[in-house]
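A short write-up of the structure that comes next.
The values are calculated or read from the model by the stated rules, or taken from the named source; none is laboratory data. Please read all numbers here as calculations on a predicted model, not as lab measurements. Cβ: placed from backbone, ideal geometry, glycine included. Neighbour counts: every protein chain shown. Side chains are part of the model used for accessible areas, which takes the heavy atoms of the whole protein and leaves out ligands, DNA and RNA. Shrake-Rupley method; radii C 1.70, N 1.55, O 1.52, S 1.80 Å.
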Amino acid sequence: MKNEKNRIKNEKRSLDDFTHRMTVQLQENHYIDYALSHSQDQINKGKKKAVIWAVIFTVIGVFAIYKGVSMNDRWSDVYLTLGILFIVFQIFNLVYNFIMFPIALKRSILKELKKDPSLLEPMEYAFEPDKIVCFLNGKHRNTILTEDISGIEETEQTVILQIKIGRRVIIPRETLDAADSVIQKQVQSFKK
């Protein structure tokens, strides 16, 4: 009796054993959309801080330049140099926070995707009422229990399943829209 239970427990199911399946092919733009949406608060805070520091250090820089120009001793060159450095540094800080940070984030994501190209391969998700099973190249990759899904987040291009342990499952919106109604209802049921 014990051996029979162990044998049943160890039997592996293949992708063909599931009725409701969906093939997910993520592209670079899906990962970038996800990263930018999750970094938006950080980007906005960085922009606000950059503007505040730019105002403060520009005022200090202008004051230092004025003081350096009005003085005729050995400290005038130091004040001029500090004033120019304060202003130039703040210009760089503004450029970084408004322009370069999103570009750097995109490059970082592309670099990570080159390290693990399996993230761009088609994955098969099999849906059951109590779990979602992921297959990559026909092999079991992981299983997510539906009780561990804490909610969903929607962006312009993706629907993101949030899992309690901090993991995320990214599903392109067009793929979910093309899925059968059982999968769509199950994914919408994760909204909390």
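How many angstrom separate the Cα center of segment 67-142 from the Cα center of segment 148-175? Comparing the Cα centres of segment 67-142 and segment 148-175, I get a distance of 22 Å. Taking the alpha carbon gyration tensor of segment 109-154, multiplying each eigenvalue by 5 and rooting it gives semi-axes of 23, 15, 8 Å, largest first.
So which of 45/111; 45/164; 45/185 end up more than 28 Å apart by C-alpha? Please report the intermediate quantities before stating the final value.
Numbers: 45/111 25 Å; 45/164 26 Å; 45/185 36 Å.
With Cα atoms farther than 28 Å apart: 45/185.
How much area per residue is accessible in the chain when the probe is 1.4 Å and only protein heavy atoms are counted (Å²)?
Values: 12820 Å² over 192 residues.
The answer is 67 Å² per residue.
In whole angstrom, the chain maps to an equivalent ellipsoid with semi-axes of 55, 16, 15, each derived as √(5λ) from the alpha carbon gyration tensor and ordered largest first. Couplings for segment 72-86, taken from phi via the Karplus curve 6.51 cos²θ - 1.76 cosθ + 1.60 with θ = phi - 60°, read 10, 10, 5, 7, 5, 5, 5, 4, 4, 5, 4, x, 5, 5, 4 Hz in order; Gly and Pro are left as x. Phi angles of segment 56-70 translate, via the Karplus equation with coefficients 6.51, -1.76, 1.60 and θ = phi - 60°, into HN-Hα couplings of 4, 6, 5, 4, 5, x, 5, 4, 5, 5, 4, 5, x, 6, 7 Hz per residue; Gly and Pro are given as x. In the calculated pair-distance distribution of segment 20-116, the portion above 24 angstrom amounts to 48 percent of the Cα-Cα pairs. Here residue 42 and residue 81 are evaluated by their C-beta separation; at R0 = 41 Å the FRET efficiency comes out at 0.80.
Here the chain exposes an accessible surface that is 57 percent carbon and sulfur, computed with a 1.4 Å probe and the other protein chains kept in place. Taking a point 7 Å from the Cα of residue 114 along the Cα-to-Cβ direction, the residues of segment 28-51 with backbone N closer than 20 Å to it are 28-33, 35-36. Dividing the mean sequence gap of close Cα pairs (under 8 Å, 6+ apart) by how many residues the chain holds gives a relative contact order of 25 percent. For residue 128, the residues whose amide H sits under 5 Å from its own are 133, ignoring neighbours fewer than 5 places away on the same chain, with H placed 1.01 Å from N.
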